[in-house]
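Asks: Next up is a structure, given as structure tokens.
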Amino acid sequence: MLRVPRAPEPLRVGRRVALRRVTRADRDAVLAMNRASRALHRPWVTPPVTRAEFDRWAARWTSPDYVSLAVCRRGDGEVVGIVNVSHIVLGPLRSAYLGYYASAALAGRGLMAEGLALAIRHCFDGLGLHRVEANIRRVLDLDARVPRPARPAAAVEHGYDFDHRLRRSRARAESGALAVERLTTSAQSSHSRSMST
């Protein structure tokens, strides 16, 4: 009797997608998704498309400063995208960088946007981070290829303001950097005052 490996339990569950850690059992599905999505990904990201590349990526999962998450469609469990949380710094700073890519076949449906909201919540509540930063390439055709909620201007409208505040400094606005931070109650009031001036 052939045993099909069970996917790990979800870390977060949304309306249409669930978030879980990537496992080696995902290899074939992730490689097929990445191969079929090359035109969408290039030149911005180069995810693994061979077994050797997948194995090198998987070796990073054991590092304490790196977490790979799969955004999976509820119902059938199909992987619709990957979120990598890297350069995780603990201690007082408690920050990380977030990178992500989606399946071209499922792009434009808002699934990855929902997955990103779950991933950011997991970064704060699950990993205990205070700051998560992602660089957003403005040269992408945002309407056609990147889910609207992932755009900086729309981030607050789509759930990124739960206990957290979106902050974009003028210096970073040109590069499209997006930083989401968890603020304490006392810091929230001073941050609100500084943002209104």
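The values are calculated or read from the model by the stated rules, or taken from the named source; none is laboratory data. Quantities reported herein were computed from a predicted structural model and do not represent experimental measurements. Cβ coordinates were reconstructed from backbone atoms using ideal geometry, including for glycine residues, and neighbour counts include every protein chain displayed. SASA here: full protein model, heavy atoms, side chains in, ligands and nucleic acids out. Shrake-Rupley method; radii C 1.70, N 1.55, O 1.52, S 1.80 Å.
Asks: Let me spell it out: the conditions are (1) modelled with pLDDT of 95 or more; (2) farther than 23 Å from Gly126 by Cβ; (3) within 15 Å of the chain's Cα centre (by Cα), and His41 meets all of them except one. Which number is the exception?
Replies: All conditions are met except number (1).
Asks: Counting only residues that are assigned to a loop (DSSP other than H, G, I, E, B) and without any contact (Cβ under 8 Å) to a residue 60 or more places away in the chain, which one in the stretch 72-90 is surrounded by the most Cβ atoms within 10 Å (Cβ to Cβ)?
Replies: Looking at the filtered set, the residue picked out is Glu78.
Asks: Something else now. Would you mind stating whether Ala105 is in contact (Cβ under 8 Å) with a residue 40 or more places away in the chain, closer than 23 Å to Pro43 by Cβ and open to solvent by 60 Å² or more (accessible area, probe 1.4 Å)?
Replies: So Ala105 fits the description; yes.
Asks: Select from the stretch 43-66 the residues that are over 18 Å from Ala107 (Cα atoms) and open to solvent by 50 Å² or more (accessible area, probe 1.4 Å) and list them in ascending order.
Replies: Result: Thr50, Arg51, Ala52, Glu53, Asp55, Arg56, Ala59, Arg60, Trp61, Thr62, Pro64, Asp65.
Asks: If you don't mind, there's one more thing I want to ask. Would you check which residues across the stretch 21-46 are under 21 Å from Ser86 (Cα atoms) and in contact with a Ser or Thr (Cβ under 8 Å, 6 or more places away or on another chain) and list them?
Replies: Hits for the stretch 21-46 are Arg21, Val22, Leu31.
Asks: Consider only pairs whose beta carbons are under 9 Å apart and that are at least six residues apart or on different chains; among these, list those whose first residue lies in the stretch 17-31 and is under 20 Å from Ala105 (Cα atoms) and open to solvent by 60 Å² or more (accessible area, probe 1.4 Å) and whose second residue is hydroxyl-bearing (Ser, Thr, Tyr) and modelled with pLDDT under 95.
Replies: From the stretch 17-31, no pairs qualify.
Asks: Between Leu93, Leu40, Leu69, which is out of contact with any helix residue (DSSP H, G or I) (no Cβ under 9 Å at 6 or more places or on another chain), under 23 Å from Asn135 (Cα atoms) and touching a residue at least 24 places away in the same chain (Cβ under 8 Å)?
Replies: Leu93
Asks: Is it the case, given these coordinates, that Leu40 is farther than 16 Å from Leu116 by Cα, open to solvent by 20 Å² or more (accessible area, probe 1.4 Å) and assigned to a loop (DSSP other than H, G, I, E, B)?
Replies: Considered against the rule, which asks whether it is farther than 16 Å from Leu116 by Cα, open to solvent by 20 Å² or more (accessible area, probe 1.4 Å) and assigned to a loop (DSSP other than H, G, I, E, B), Leu40 comes out as no.
Asks: Give the residue, chosen from Leu93, Leu98, Leu69, Leu118, that is in a strand (DSSP E or B), in contact with a Lys or Arg (Cβ under 9 Å, 6 or more places away or on another chain) and either among the aliphatic types (A, V, I, L, M) or open to solvent by less than 10 Å² (accessible area, probe 1.4 Å) (or both).
Replies: None of the other options fit; the residue is Leu69.
Asks: Report whether or not Leu111 is surrounded by 14 or more Cβ atoms within 10 Å (Cβ to Cβ) and modelled with pLDDT of 90 or more.
Replies: yes
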